[in-house]
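*Asks:* This is the structure, below, for whatever I ask next.
Where a number appears in this text, it was derived from the coordinates with a stated rule and is not lab data. Computed from a predicted model, the values in this text were never measured in an experiment. So basically every Cβ, Gly included, is an ideal-geometry build from the backbone, and we count neighbours across all protein chains shown.
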Amino acid sequence: MEQHDFPAILSELKKGQKAIISGFSNAEMPARFFEMGILPGVELEMLFKAAFCDPLCISYGKARCCLALRKAEAQRVLIVPVPKNECDKSCPYRES
Amino acid sequence: MIKVALIGNPNVGKTTLFNKLTGLHQKIGNYPGVTVDKKVGFFNHEAQYQLTDLPGTYSLYPSSQDEEVVFNILTDSQHPDHPDKVIVILDASQLRRGLLLFHQVQDLGFPVLLVLNMMDEAKKKGIHIELDRLMLKLSVEVVAANVRKGIGLSQIKEKLIHINTSLARRSFNPDHSYGKALDDFRVLYGIKNHYLAWAHLVNKQSPLMQNDAQLRGFLRKHFLIPKRLQTKEILMRYACIEKDLSDILHEQGGYSSRSERIDRWVTHPFWGYLIFFSILFFIFQGVYTWAEIPKSFIEDSFSIFQEWMHHHFPEGPINIFLSQGLIPGLSAIVLFIPQIVILFFFLLLMEESGYIGRVVFLMDRWMRPFGLNGKSVMPLISGVACAIPAVMSARNIENPRDRLITILVTPLMTCSARLPVYTLMIALVIPDKYWMGFQLKGLVLMIMYFLGVLAALCTAMVFNKLLRRPYKSYLIMEMPSYKWPIFKHILLSLWIRLHSFLWHSGKIIMAVSIILWVLSSFGPDEVFFYHRQETVTDSHPIKDFSDPLERSYLGIIGKGIEPVLKPLGYDWKIGIGLLSSLAAREVFVSTMASVYSIGSTSSNSHLEEKMKTATRANGQPVYDLATGGSLMIFYAFAMQCMSTLTVVRRETKSWKWPIVQFFFMTGMAYLGAFAFYKIFS
């Protein structure tokens, strides 16, 4: 069960991949992230990463705004990846 | 006078709107107790308005010192800047995020005017907003604008008169589970407005709440955790905004494809750095080569003016004071202008176009081990040209702690004023030889530059350990899409910064120059300024005094501090050079020229000859490797620049930090020079 359902974390998302925020890990997240609209259910895309994958740049929400954040914070964002083709029902992540 | 506060997210054109509304009728002051600039401007439109530009923020609840100012001004009705009306400006493409802040402000009970900025950009991105319905839904006057292009400004002024509280407002209504606690709280503190009470509950930094055992008891009794309340509020508000906007906001597309194409190169782990360093290389070429022309022009015109003044004023002390004390002091200030203007022009260009965000992105990881962040990069690098604009450019760093560290260490970077000292010393003590195929002199100069960088980074690390952290350090930065810069805006910002330098630091530079002139012109025995040669060769306050210098107060002080300088290998002549270069480092060279009685400072080769043949009592040359090297080390670390200190005072709003900076840098310089001298002598 852990293998498939365990949500990935934002920092592991690859360039160009999309995902939906499912929650945040226990560590305290600065309130600023919520204020910026990084909330559960919001879709995001990894745009590009700097050297050592830190910091990284995502676009998120319906407004697709472009935001840079550090790996330390990105590691606390839990995500459910969205398959490239959104109609693709066979993706194991969609079961949950 | 109607007080209006301007509030909005960072990077939504808030300052542009402020500048457009008030033009040059603005002044920069302080908020008491914090190091935050208070920008106030004035304009007339049927009534007199006082407009305050509040620091950019995403919500009412502060996560930095700047944002505390926002909270305090808006929630404390006794605050002198508490506004009568509020303009909330937001980016039309980031409607949700802006509305979060808007709702908070509106719920506090202010009459609000909502400005949707960058409308045409939003349209290009495929975003369509039904303004009429938005107005009804939010019960607020809305102006669609493009502030950069000046669209919507007259409408903003027009509507500002008419907004008032009469519009029906939807007030904040948290979960019923908090209703009882909130009512109790309002009674306890006598707060009428529901949301105001809630905001005080949420914000731990609220001045009303600090050290309040009563509040802690209250929170415990009702099982309230401020941070949870804050998260709850944000979630509720976003849910509400999403519902409101469902039939008002129509969007498609997103992050501009042009920006995406540019970013593919500009943020690339290899090409990105290459592009960045090429741009830097270009800027420094510019600063060094282009600044030379106006610089020599300023020097020339000041010396002509000085000459003219000297001949056309009646002989006497006033004449001497004006031509040798005041004018050189004035020119010492004006001389910095070309460098400041050129460097800031490029920095503002990078800022206006949106490139600076990419620099922060690329450099953040590399600066973190030193307790700095990506935003410290530009100030540090600018420090290689001149610490004054560099310290001023640290304003972009929002985190006050990171900003302070950056300001404290920036003067350690090898600024261009150190160059004349280094070149003189290298010419004196470094042999004209090759080492592993490199010219030794050039190599030493390069080592001095590296030493500056190393010193800056290491000190940053030390400060990082010493200074307490009031707010957690994290990076969350919007990457703005690229824009064509508008030159008028750059020029206005340039002027505001230049003005602040001339006005605030100019006074002090002037005072120090005059004091140094007085000390070097007067002595206990006689007044000898009449005997001084009147040749004017450059703009520095101290020049062309031969013998009398030894008998002047400055000379006496120089001799007085000789015992302190002896362990470093310096004699009293160098001591005078060190003292007089407190005004600016390069003054050392001209002072040395005077000390060694050379009529003109323009011929450095003569000076070198003289200094080379200078000997100590025991017949050894004064300028050997030990002394020369020790002097270079001293200049690398020492805070020999009054102008920088005054700018640091201005930027940190207290004398505490420039004093700390002066002592730790001079201490480092003394120890470093001492160690070097001991090892090599």
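*Asks:* Using mean Cβ contacts within 10 Å as the protection proxy, how do B:291-298, B:580-587, B:107-114 order, highest first?
*Replies:* Working: B:291-298: 14.6, B:580-587: 24.4, B:107-114: 21.1.
Output ranking for B:291-298, B:580-587, B:107-114: B:580-587, B:107-114, B:291-298.
*Asks:* What translational diffusion coefficient, to the nearest whole µm²/s, does the protein assembly as shown have by Stokes-Einstein, given a Kirkwood radius computed over alpha-carbon pairs, a temperature of 25 °C and 0.890 mPa s viscosity?
*Replies:* Approximately 84 µm²/s, per Stokes-Einstein.
*Asks:* Report the FRET efficiency, 1/(1 + (r/R0)^6), for B:Phe438 and B:Ser681, where r is their Cβ-Cβ distance and R0 is 22 Å, rounded to 0.05.
*Replies:* Efficiency at R0 = 22 Å is approximately 0.30.
*Asks:* So, one more: Contour minus end-to-end for B:His25 and B:His499, with contour as 0.36 nm per residue of separation and end-to-end as the Cα-Cα distance?
*Replies:* That pair, B:His25 and B:His499, stretches by 169.3 nm at full extension.
*Asks:* What order do you get for B:Phe281, B:Phe674, B:Phe370 when you list them from fewest to most C-beta neighbours inside 10 Å?
*Replies:* B:Phe281, B:Phe674, B:Phe370
*Asks:* Give, rounded to the nearest 20 debye, the magnitude of the charge dipole that segment B:269-384 has about its Cα centre when Lys and Arg contribute +1 at Cβ and Asp and Glu contribute -1 at Cβ. Write out the running numbers ahead of the final one.
*Replies:* Details: 5 positive and 8 negative charges, 141 e Å.
Once rounded to the nearest 20, the dipole reads 680 debye.
*Asks:* Residue by residue through A:65-76, how many Cβ atoms from other chains fall within 10 Å of the Cβ on average?
*Replies:* Counting other chains' Cβ atoms within 10 Å and averaging over A:65-76 gives 5.
*Asks:* Once the dipole of the protein assembly as shown is set up with Lys and Arg at +1 and Asp and Glu at -1 on Cβ about the Cα centre, which of B:Val112, B:Leu343, B:Tyr482 lies farthest towards its positive end?
*Replies:* In the protein assembly as shown, that residue is B:Val112.
*Asks:* Of all the Cα-Cα pairs you can form in segment B:1-126, what percent are over 19 Å apart?
*Replies:* 45 percent
*Asks:* Report, in debye and to the nearest 20, how large the dipole of segment B:2-162 comes out about its Cα centre when Lys and Arg carry +1 and Asp and Glu carry -1 on their Cβ.
*Replies:* Dipole magnitude for segment B:2-162 comes out near 520 debye.
*Asks:* Among B:Pro294, B:Pro317, B:Gly217, whose Cα projects farthest towards the positive end of the dipole of the protein assembly as shown, with charges put on the beta-carbon of Lys, Arg (+1) and Asp, Glu (-1)?
*Replies:* Result: B:Gly217.
*Asks:* Give the distance, in whole Å, between the Cα centre of segment B:338-381 and the Cα centre of segment A:19-73.
*Replies:* If we compute the Cα centre of each part, the gap is 23 Å.
*Asks:* May I pose another question? So what is the relative contact order for segment B:1-107, in percent, with contacts set as C-alpha pairs under 8 Å and at least six apart?
*Replies:* Numbers: 187 pairs, mean separation 37.4, N = 107.
Rounded, it is 35 percent for segment B:1-107.
*Asks:* Could I ask something else about it? Hey, with R₀ at 45 Å, roughly what FRET efficiency would B:His250 and B:Gln214 work out to, going by the Cβ-Cβ distance, to 0.05?
*Replies:* Rounded to the nearest 0.05, the efficiency is 0.35.
*Asks:* How do the peptides B:268-276, B:356-364 rank, highest first, by the average count of neighbouring beta carbon atoms within 10 Å per residue?
*Replies:* So the peptides B:268-276, B:356-364, ranked by packing, come out B:356-364, B:268-276.
*Asks:* Sticking with this structure for a sec: Taking the Cα atoms only, what angle lies between the long axis of helix B:355-367 and the longest principal axis of chain B, rounded to 10 degrees?
*Replies:* Tilt of helix B:355-367: around 70 degrees.
*Asks:* Still on this model: For segment B:405-496, with only Lys/Arg (+1) and Asp/Glu (-1) charged at the beta-carbon, what is the dipole magnitude about the Cα centre, in debye rounded to 20?
*Replies:* 300 debye
*Asks:* Ok, one more. Just checking the output field for A:31-44: average partner chain Cβ neighbours within 10 Å of each residue's Cβ?
*Replies:* Across A:31-44, the average partner-chain Cβ count within 10 Å equals 6.
*Asks:* Please give the FRET efficiency for B:Phe297 paired with B:His82, using the beta carbon to beta carbon distance and R0 = 45 Å, rounded to the nearest 0.05.
*Replies:* After rounding to 0.05, the efficiency reads 0.35.
*Asks:* Among B:Glu315, B:Glu121, what is the fewest-to-most ranking by other Cβ atoms within 10 Å?
*Replies:* Numbers: B:Glu315 10, B:Glu121 17.
Ascending Cβ contact count within 10 Å gives the list B:Glu315, B:Glu121.
*Asks:* Say the dipole of the protein assembly as shown comes from +1 at the beta carbon of Lys and Arg and -1 at that of Asp and Glu; which of B:Gly41, B:Leu245, B:Phe281 then lies farthest toward its positive end?
*Replies:* Going by the Cα projections, it comes out as B:Leu245.
*Asks:* Under 17 Å Cα-Cα from B:Lys573, which aspartates and glutamates qualify once same-chain neighbours fewer than 8 residues away are excluded?
*Replies:* B:Asp544, B:Asp547, B:Glu550, B:Glu562, B:Glu586, B:Glu608, B:Glu609, B:Asp624
*Asks:* Relative contact order for segment A:2-83: what percent, with Cα pairs under 8 Å and sequence separation of 6 or more?
*Replies:* Averaging sequence separation for qualifying contacts and normalising by length gives 42 percent for segment A:2-83.
*Asks:* Separate question: Considering only C-alpha atoms, what is the centroid distance from segment B:393-416 to segment B:66-106, in Å?
*Replies:* Cα centroid of segment B:393-416 versus Cα centroid of segment B:66-106: 29 Å apart.
*Asks:* When only Cα pairs under 8 Å and 6 or more residues apart are kept, what is the percent relative contact order across chain B?
*Replies:* 10 percent
*Asks:* Within 10 Å of each Cβ in peptide A:48-54, how many partner chain Cβ atoms are there on average? Round it to a whole number, please. Mind showing how you got there, number by number?
*Replies:* Numbers: counts 10, 3, 13, 8, 3, 2, 4.
Mean number of neighbouring Cβ atoms from other chains: 6.
*Asks:* Follow-up question, since we're still on this one. Please identify which residues in segment B:619-657 have an amide N closer than 19 Å to a label point set 7 Å out from the Cα of B:Ile447, following the Cα→Cβ vector.
*Replies:* B:623-638
*Asks:* Angle between the Cα long axis of helix B:506-521 and the longest principal axis of chain B, 0 to 90 degrees, nearest 10?
*Replies:* The answer is roughly 20 degrees.
*Asks:* Under 5 Å between amide H atoms, partner at least 5 residues away or on a different chain: which partners does B:Leu113 have, H built in plane at 1.01 Å?
*Replies:* So B:Leu113 has HN proximity to B:Val86, B:Ile87, B:Val88.
*Asks:* Compute the helix-to-body angle for B:642-652: its Cα long axis versus the longest principal axis of chain B, expressed 0 to 90° and rounded to tens.
*Replies:* So the inclination is approximately 10 degrees.
*Asks:* In deg cm²/dmol, rounded to 500, what helix-only [θ] at 222 nm does the protein assembly as shown give when every DSSP H run of at least 4 residues adds -39500 (n - 2.57) and the total is split over its residues?
*Replies:* Estimated from H runs of four or more residues: -15500 deg cm²/dmol.
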